[in-house]
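K.L.:
Let me begin by handing over the structure; questions about it come next.
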Amino acid sequence: MVKFNLTLTDSDAPLHERLAQAINVLIEAGQFKAGDRLPPHRVIAQQAGVAIGTVTKAIDYLSDRGIVRGEVGRGTFVNAKRPSSPSTGEVDLSLSVPPLYVDEDMFVAAAERSARNVLKIPSGGLYDLKGTFSQRSVMAEWLTRTRVDTDPDDLVLCVGAQQAIHMAFSDVKKVSSLIACEAPTFSGAIVAANHLCLELVPVDHDEEGMTPDALDKALAETGCRAVYTVPVCQNPMGFEVGETRRRQILQVCLRHDARIIEDDIYSVHAGKGRLTYKELAPQQVYFLTSLSKCLTPLARVGVLIPPGDRMISITKMLRAEAFGAPPTALEFGCSLIELGADVIAASALRKEAHARTEMAAKVLQLPSVPMPHGAPHLWLPMSAVDAERLARRSLEQGVRVTPPEATALKGRKASGVRLCILAPEHRDDLQRGLAIIAELLNDSSAATIV
Ligand SMILES: Cc1ncc(COP(=O)(O)O)c(C=O)c1O
């Protein structure tokens, strides 16, 4: 065991913060290096002369700041990627990008492992454009463990969820030139629909997503036979569809013979169980997801599980668009999963999203939020004029929010502002950005939440 000497400063700060600082001093001095396991809590408690509970709080404090991480059953480890200091510049809350919770050592190990594996792929990777069987097996195991039972032969690996959306939309175009969806919706889905000359049909929602009556009406009136939905942490509005509502929505879709394109990309934050549309009606659903929001967008690995009878059509489309996703990227994503990076990232992301959601609700004085256990973004509903004004004024004061028009359907006015609360690397930056927005919201001439 590394010998260490903890010196707590004499200040008014709470005891656990002073202990955290003392541990951080040892890390900064190189006494505990990246990847090292910290001594057990009991040993730290003895050495510092404090209670074990204080050590736990101090470790949580360091973990919240990305300095160490706890691994279940293994202990507490020093992170390799040292977080930079909070910035004083612009706070960017416009992009839905999660912090990277895979430390540098693991990232490098995954890259090395994937480089070796990719060299074993026959025919220069031009063999199976859906991804090799072994890559599909890793992704199927990951999906089965985290979300939906999946067989490697039922899925196609692709370049992020965006390509999966584009392929699913292209495929449903053969039966429907209209796609019903929540309004507003994910900007990438709007871009894909526009590109394919598909029309998105807005469906009214309540705090749990599309209402079955509104969907029934929209499908009946327009003859639309496809529905795109983001049921967990809807982008941009942030709500989650529960089990009962899912069953109701599915019944409406079955009645109108409408296929569902289920975008499950935010499911790492699911708080209402693991029931998916895919599980309820495999032959009716295009299920898609990716590693972008639960691990890292740097891998750009997406998955599409089409209805079984659409697999041949989807494979031909993949062939037309590219000869599958780059084998190097797929191997890298698979290696991260095989090394357990997804488990570490998922638990850190959930914890961070929870803390930041609480922070945002408090600073913005929101009476409630759709996913109180934690979400990567929050939606502030307001009139189009107010949304545009809030986005402009906050930018003038150094806080960038998602431009309201990015998520509005063609011909519809933007009805709110999205804040990506996981985007800033540091909570302190988020706090600063939120405080500026709170001030603007207090000035009713700037914007009013409705
Ligand atoms: C709801 C939704 N679907 C799909 C995507 C695209 O994800 P990917 O980076 O995997 O292409 C995003 C990205 O922000 C998203 O928010």
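K.L.:
Per the helix-only calculation at 222 nm, which mean residue ellipticity applies to the chain, given -39500 (n - 2.57) for every DSSP H run of n ≥ 4 and division by its residues, nearest 500 deg cm²/dmol?
P.N.:
Helix contribution divided over all residues of the chain: -13000 deg cm²/dmol.
K.L.:
Determine which aspartates and glutamates satisfy two conditions relative to K3: a Cα distance under 15 Å, and not lying fewer than 8 residues away in the same chain.
P.N.:
D36
K.L.:
Now for a separate question. For N442 and R412, calculate 0.36 nm times their separation in residues minus their Cα-Cα distance, and state this gained length in nm to one decimal.
P.N.:
Roughly 8.1 nm would be gained on extension.
K.L.:
Nearest 10 degrees is fine. How inclined is helix 160-172 to the longest principal axis of the chain, computing both from alpha carbons?
P.N.:
10
K.L.:
Also, I was wondering about something else. Between the helical axis of 427-442 and the dominant principal axis of the chain, each derived from Cα atoms, what acute angle in degrees is found, rounded to the nearest 10?
P.N.:
Between helix and principal axis, roughly 60 degrees.
K.L.:
State the antiparallel share, in %, of DSSP beta bridges confined to the stretch 104-338, rounding to the nearest 5. Kindly include the intermediate steps, with their values, before the conclusion.
P.N.:
Values: 10 of 25 bridges.
DSSP beta bridges in the stretch 104-338 are roughly 40 percent antiparallel.
K.L.:
Based only on Cα atoms, what Rg/Rh ratio does the stretch 397-446 have, Rh being taken as Kirkwood's radius?
P.N.:
Checking Rg against Rh, the ratio lands at 1.03.
K.L.:
Here is a further query. Taking the alpha-carbon centroid of each part, what is the distance from the stretch 173-204 to the stretch 28-65 in angstrom?
P.N.:
So the separation of the two Cα centres works out to 51 Å.
K.L.:
Can I ask one more? Beyond 26 Å, how much of the Cα-Cα pair distribution for the stretch 104-338 remains, as a whole percent?
P.N.:
Here the tail beyond 26 Å accounts for 35 percent of pairs.
K.L.:
Still on this structure: Can you give me the Kirkwood hydrodynamic radius for the chain, using every pair of distinct Cα atoms, in Å to one decimal?
P.N.:
23.5
K.L.:
Could I ask something else about it? Using the alpha carbon gyration tensor of the stretch 15-78, what are the three equivalent-ellipsoid semi-axes (square root of 5 times each eigenvalue), largest first, in whole Å?
P.N.:
Taking √(5λ) for each eigenvalue gives 16, 13, 11 Å, largest first.
K.L.:
Tell me, what is the Rg over Rh of the stretch 153-248, with Rh the Kirkwood radius over Cα pairs?
P.N.:
Using Cα coordinates only, the ratio equals 0.96.
K.L.:
How would you rank M210, M317, going from fewest to most other Cβ atoms within 10 Å of each one's own Cβ?
P.N.:
Lowest to highest Cβ neighbour count: M317, M210.
K.L.:
For the stretch 287-354 and the stretch 219-239, what is the centre-to-centre distance using only Cα atoms, to the nearest Å?
P.N.:
So the two Cα centres are separated by 22 Å.
K.L.:
Still on this model: What's the angle, to the nearest 10 degrees (0 to 90), between helix 133-146's Cα axis and the longest principal axis of the chain?
P.N.:
The angle comes out at about 70 degrees.
K.L.:
Over the stretch 104-252, what is the relative contact order in whole percent, taking alpha-carbon pairs under 8 Å and six or more residues apart?
P.N.:
Worked out over the stretch 104-252, it gives 17 percent.
K.L.:
Which log10 I(q)/I(0) values does the stretch 12-171 give at q = 0.16, 0.19, 0.20 Å⁻¹ under the Debye formula, counting every alpha carbon as one identical point scatterer?
P.N.:
-1.04, -1.21, -1.27
None of the figures in this text is laboratory data; all of them are computed from the coordinates on show. Remember, predicted model here, so these are calculated numbers, not experimental data. Here the Cβ is made from the backbone with ideal geometry for all residues, glycine too, and neighbour counts use every protein chain on show.
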